[in-house]
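The values are calculated or read from the model by the stated rules, or taken from the named source; none is laboratory data. Note that the structure is predicted; figures quoted are calculated from it, not measured. Using ideal geometry, Cβ is built from the backbone for each residue, glycine included, and neighbour counts are taken over all protein chains shown.
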Protein chains: 2
Amino acid sequence: MNIVEWSALDATARAAMLERAPEAQSVELRDGVARLIAQVRADGDSTLRALTRRYDGCELGALAVSAGEFDAADALVAPELKRAIGEARERIERFHRATAPADVALDTAPGVRCERVLRPLRRVGLYVPSGSAPLPSTVLMLAVPAAIAGCHDVVMCTPANAQGDCDPLVLHAARACGVKRVFKLGGAQAIAAMAYGTESVPRCDKLFGPGNAWVTEAKRQVALDPQGAAIDLPAGPSEVLVIADASADPGFVAADLLSQAEHGPDSQAILLSPSSALIMAVEAAIEAQLADLPRADLARRALAHSRLIHVPDLATAVRVSNDYAPEHLILNVENARSWLAQVDNAGSIFLGPWSPEAVGDYCSGTNHVLPTYGHARAWSGVSVASFVKLVTVQELSADGLRAIGPCAATLARAEGLDAHERAVTRRLRRLAENAV
Amino acid sequence: MNIVEWSALDATARAAMLERAPEAQSVELRDGVARLIAQVRADGDSTLRALTRRYDGCELGALAVSAGEFDAADALVAPELKRAIGEARERIERFHRATAPADVALDTAPGVRCERVLRPLRRVGLYVPSGSAPLPSTVLMLAVPAAIAGCHDVVMCTPANAQGDCDPLVLHAARACGVKRVFKLGGAQAIAAMAYGTESVPRCDKLFGPGNAWVTEAKRQVALDPQGAAIDLPAGPSEVLVIADASADPGFVAADLLSQAEHGPDSQAILLSPSSALIMAVEAAIEAQLADLPRADLARRALAHSRLIHVPDLATAVRVSNDYAPEHLILNVENARSWLAQVDNAGSIFLGPWSPEAVGDYCSGTNHVLPTYGHARAWSGVSVASFVKLVTVQELSADGLRAIGPCAATLARAEGLDAHERAVTRRLRRLAENAV
């Protein structure tokens, strides 16, 4: 790992230190995805079958998971895992219900009723990848807020294995969250199918979920097309930034950095600390913990571009973190809460020694679909709000129009929009004529 | 105008009837904007000056509006207009405060504190175009929610005239909303400047506001670049859909359709009615009102691709409207409110005979920056939420981790993420060792 002395760096070197790995974006990727989307739009299911044969090595019968397959999957899941899924789901529900937006109504003037009403998205598409391992937690993080939002039509795509079977735990989690329509599709073709619809897969209004470079590029392309679909978030590799002081346990800090690094070679893990002793101890602990970590190879590749940074004090650490805008921020310092008010850019924050990132990934209740790659500067993680439209309403009585119509007419005239003005004054004249 | 009998159309013809005009997007536009952005990134202010000379015909001194210029602008605005701006601002504030998100904190389990905290965006960029007329209302719709969100650093760009002066009413509205940094810049170059920063214009985290095809394309391009800036909404031409029954005043309906049509030739105005008599009367009223409308030429061009559609009943009208997903929906029918629950896709809704769209455009309190072009299927209009990040927080006590740690560890193991599991179990072991 690279140990860095922040004070010794000039502005350019500091900026370089906070840079993400360049995006996995190339002309080949862009054109390849565009071709694939065009194929799915042109030939629908038959293209989906052909691509699934080619990329997943699997000959699909029906594209949709059948009730029998759901049952079979349920029978394969250990009771301990079912309990864990149920327990996580309950806390995720509790947090997402508490943070859901609500209808609002008020009179902004006598006779001028203004409202903000919620409308669930009509049909949403959830993408659950299956890389090195199944991701039932992603099912929970997407399907629970969709259900709370009131989305009745929830579609999910997740790739099948060579035998044409989806992961049992993913299917169990889907059913536990009320998702009944799951298609055995992965990759950019799944995104294309949900954005445009095929014979089997219905067209969705918004697509959610993580994925590899192909999936990310496909989401980007369908989001740009008004005939396509909206998406949850711009995506990038996962990342953690840990701020720790001399009070922190080096073994805990090392474990937190490693649990980010094991996601993949493009993951980024950064430690900021005012304690050189802690930094040295963390470095040693990382080496020790890597010794028997199953995914040590992946983690080592991620660590190659990760950094341990010595900063003069915690205030500097928080400022640097705000500039970096990490997806996950762990504040493993004394009186961690006292620093919270100064954090402005982060996806999700973990306070104190007993809050490892893994609890947020699985079961504290918060969502784990978060803005990466610096997008936390302007984006928020997935929540119930991601699954609803906030529609505004106004209803004026005749008195209401009498009260605010003249203001609207004055401003319309100033903007040179006479027809706007007349839509108001015509009504005001009618009211004046009919007044006794 | 085109009068259409909905029942006589097959599915293809119905879909065609609800189609928007094709996007003003071309390879030339895309490449031209990309070149312009690259120029601004390379040469900063000097490029901005050169482009402003070429496109706005104006030789800029300082790019920023000075305090003296703000004062001079204020002196030029009529008291009646100042009152109208102040009155509109107050109601917009009232509505946006009432619909602003708030912090939330709860324990999802004993010892597991979870929160959702708001953080204003650090720096936002507001774009206020100046086409055929100034748009002070757009200043209000962007600057008021930014202020409520707590954004301290608000930047605005609006083009100057050939003399190098910005519109006095726009400057007055900006100052009334607390915006102090206004740059005399328009077009795609203004978007590039705010997204990447120049010597004079600071880099912004998110850009807001309407604009022409160049501005829209520039916003799209900077939003795609992780080094660029987020944007408020995908944009398209403005549109209204009116649902009216036999109880509606044809003159009101005609005025509402015209106040949309006058925006420009690509505006779309659609009427759905179960009453043939009303449709005929509206058509006649449109012709009569066009006679002395200053922007009649623009309106006629928009009306050429607008439609008056006869539907069998109001339930059909609402279904068709939901499929169209209009930016503005006017429900000018008896008991308009009784239909509200069935509307799911719309940007903003106007109920009853006394709620012309112009009140929402200016001063009912709701926002007029709304999803167009069918984006109301998945997007909401601008609100305070557009100017904040919703950051999640979790703080576990030792007891909290004892309670939910095993669940996280079980799920991490199932996903093959051993380092995640160990970040939890290492802490649980420590707690077990230290327990008495």
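Couple of notes before you dig in:
- Of residues in the stretch A:386-408 being more than 7 Å from chain B (Cβ to nearest Cβ) and under 19 Å from the mean Cα position of the chain (by Cα), the one nearest to B:L431 (Cα to Cα): A:S386
- Being within 18 Å of B:R300 (Cβ to Cβ), in contact with a Leu (Cβ under 8 Å, 6 or more places away or on another chain) and crowded, with 22+ Cβ neighbours inside 10 Å is true of B:I270.
- Of all the listed residues (A:R116, A:R83, A:R53, A:R97), the sole one being within 26 Å of the chain's Cα centre (by Cα) and more than 30 Å from B:A408 (Cβ to Cβ) is A:R116.
Residue-wise test of (1) among the acidic types (D, E); (2) in contact with a helix residue (DSSP H, G or I) (Cβ under 6 Å, 6 or more places away or on another chain); (3) in the same structural domain as B:A213 (by TED's automatic domain parsing).
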| site | (1), (2), (3) |
| --- | --- |
| B:T158 | no, yes, yes |
| B:A162 | no, no, yes |
| B:H172 | no, yes, yes |
| B:R181 | no, no, yes |
| B:E199 | yes, yes, yes |
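- The single residue among A:I191, A:I148 that is surrounded by fewer than 24 Cβ atoms within 10 Å (Cβ to Cβ) and assigned to a helix (DSSP H, G or I) turns out to be A:I148.
- Subset tally (residues that are within 13 Å of chain A (Cβ to nearest Cβ) and buried (at least 24 other Cβ atoms within 10 Å of the Cβ)) for the stretch B:308-332: 9
- Residue within the stretch B:13-28 that is surrounded by fewer than 17 Cβ atoms within 10 Å (Cβ to Cβ), touching a residue at least 24 places away in the same chain (Cβ under 8 Å) and touching a helix residue (DSSP H, G or I) at 6+ places or on another chain (Cβ under 6 Å) present: yes
- In this entry, A:A296 is excluded by the filter for residues that are more than 7 Å from every other protein chain (Cβ to nearest Cβ), within 16 Å of B:L417 (Cβ to Cβ) and in contact with a strand residue (DSSP E or B) (Cβ under 7 Å, 6 or more places away or on another chain).
For every residue, the table says whether it meets (1) at pLDDT 95 or above; (2) under 25 Å from B:I404 (Cα atoms); (3) within 18 Å of the chain's Cα centre (by Cα).
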| position | (1), (2), (3) |
| --- | --- |
| A:P274 | yes, no, no |
| A:A277 | yes, no, no |
| A:R300 | no, no, no |
| A:V320 | yes, no, no |
| A:V333 | yes, yes, no |
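- Filter result (more than 23 Å from B:R430 (Cβ to Cβ) and in contact with a Ser or Thr (Cβ under 7 Å, 6 or more places away or on another chain)) within the stretch A:318-342: A:E327
Matching residues to (1) touching a residue at least 60 places away in the same chain (Cβ under 8 Å); (2) surrounded by fewer than 22 Cβ atoms within 10 Å (Cβ to Cβ):
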site: A:T366; (1), (2): yes, no
site: A:A378; (1), (2): no, no
site: A:F387; (1), (2): yes, no
site: A:V391; (1), (2): yes, no
site: A:Q394; (1), (2): yes, no
site: A:A398; (1), (2): yes, yes
site: A:I404; (1), (2): yes, no
site: A:D418; (1), (2): no, yes
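- Exactly one residue out of A:G86, A:G57 is small (G, A, S) and at pLDDT 95 or above, and it is A:G86.
- Selection of the stretch B:29-70 for residues being exposed (fewer than 11 other Cβ atoms within 10 Å of the Cβ) and outside any helix (DSSP H, G or I) yields only B:G61.
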